[in-house]
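Read the figures in this text as sums done on the coordinates, not as results from a lab. The model shown is predicted, which means the values in this text are computed figures rather than measured ones. Backbone-built Cβ (ideal geometry, glycine too); neighbour counts: all protein chains shown.
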Amino acid sequence: MKRIKDGKYIRHSEQYSDVYYYVDENAEEKERKVEPEEWGGSDFVKTYYEAVEKRFVGVVIGMKLITLKAELFCDSACRPDGVEVDFVNRNDIEQKKVAIVAYGCNKTRLVPLEQLKIIRKVEEGET
């Protein structure tokens, strides 16, 4: 799995406290204001990881649940003291369980479980 920097994020306005902008650095229209009816969710999807085919040998050292795609959104909520606050959050759309595989000194890769292949099983008492 390769980490993707797709240039999508939500930016808070410097002038107004309740104005946010969708930013997509790779699109023709780089910024677009988040309209009030879009608060709480819309179709602004960010990609975090993509699959990459690469053969290597390593040792599984752990498991992890990663987010492949998520919807970014703005919303508001009331704190316990009654003050309304705005925030930016994400709804995970696509997740995948991956293995953390060590393949060198301080080098690891994330590998989807369905792509793992056991080459040699270590028996008990074997070093």
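Some values worked out for this structure:
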item: Dipole magnitude of segment 30-127 about its Cα centre (Cβ charges: Lys, Arg +1; Asp, Glu -1), debye to nearest 20; result: 820
item: Cross-link partners of residue 2 among aspartates and glutamates (Cα-Cα below 12 Å; sequence separation of 8 or more within a chain); result: 50, 53
item: Total formal charge among the other residues, if their Cβ is under 10 angstrom from that of residue 64, Lys/Arg +1 and Asp/Glu -1; result: +2
item: Listed residue (57, 4, 85) projecting farthest to the positive dipole end of the chain, Cβ model; result: 57
item: Size of charge dipole - segment 3-58 - debye, nearest 20, with Cβ of Lys, Arg +1 and Asp, Glu -1, no other charges; result: 520
item: Highest-MSF residue in the chain out of 80, 36, 112 [GNM, Cα springs under 10 Å]; result: 80
item: Estimated FRET transfer efficiency when R0 is 22 angstrom, pair residue 24-residue 100 (beta carbons, to 0.05); result: 0.10
item: FRET efficiency for residue 88 and residue 108, using Cβ-Cβ distance with R0 set to 35 Å, rounded to 0.05; result: 0.75
item: Farthest toward positive dipole pole in the chain [+1 Lys/Arg, -1 Asp/Glu at C-beta], among 42, 113, 15; result: 113
item: Sequence-distant residues sharing a close amide H with residue 48 (under 5 Å, placed H); result: 69, 70
